[in-house]
Amino acid sequence: MIWARAFLIWLVLALPATAQGAGPSVLVIDSERLFFETAYGQRLTEELAEQAAALQAENDQIVATLTEEERSLTLRRPQMTPEDFRVEADAFDAKVQEVRRARDAKNVELQLANAAARGQFEERVQDIIVAVMIERGASVVLEQRNVLLSVRGVNITETVIARIDSTLGDGQP
């Protein structure tokens, strides 16, 4: 246990010296920060949030309409025959099920749009990440979430965020 701790301390102390010399062969990046802190990622996030808010407003309106229809059916029930009520109740039930299917489909569309926007972002910024990697003489870039321990100098997130903003701006043509 003491040897392992001593080795870890040596490794942490040795890494900065190695990093200052020829440059680290492994770099680290936080892709979540790239997406949420660049102008491009922020624009995409805002657009997706607007789409989600519009869908939620549409859902709220549909729920209000269906609630009113259900209330109307409930109020009219005492004046209806059981058969007439059953027909209208079944029709209302079928309508609710169809609306639910349509809403689920729109939610899936929104999720797919989100994934597509994220994929497009990652594809467009990849060349920038590669350029920084080459400039630093590295052969690997790891995702921050997969790194247990590293020295601060191997994290290129700030550099890449600045480069994305200066190169791509908000990502619009």
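Points worth noting:
- Counting beta carbons within 10 Å around each of 100, 33 and listing the fewest first gives the order 100, 33.
- Based on DSSP H segments of at least four residues, each scored -39500 (n - 2.57), the chain has a per-residue ellipticity at 222 nm of -26500 deg cm²/dmol.
- Local charge for residue 89 was computed over the other residues whose Cβ lies under 12 Å away, with Lys and Arg +1 and Asp and Glu -1, and equals -3.
- For segment 2-168: rounded, prolate or oblate by the Cα gyration tensor [a/c cutoff 1.5]: prolate
- Simple point charges give the picture: +1 on the Cβ of Lys and Arg, -1 on the Cβ of Asp and Glu, and for the chain a dipole about the Cα centre of about 820 debye.
- Gain on full stretching of the segment that runs from residue 170 to residue 39 - 0.36 nm per residue minus C-alpha separation: 46.7 nm
Since every read-out is calculated from the coordinates, none of them should be taken as a lab result. Since the model is a prediction, treat every value here as computed from it, not as a measurement. Note that we place each Cβ from the backbone using ideal geometry, even for glycine, and neighbour counts take in every protein chain shown.
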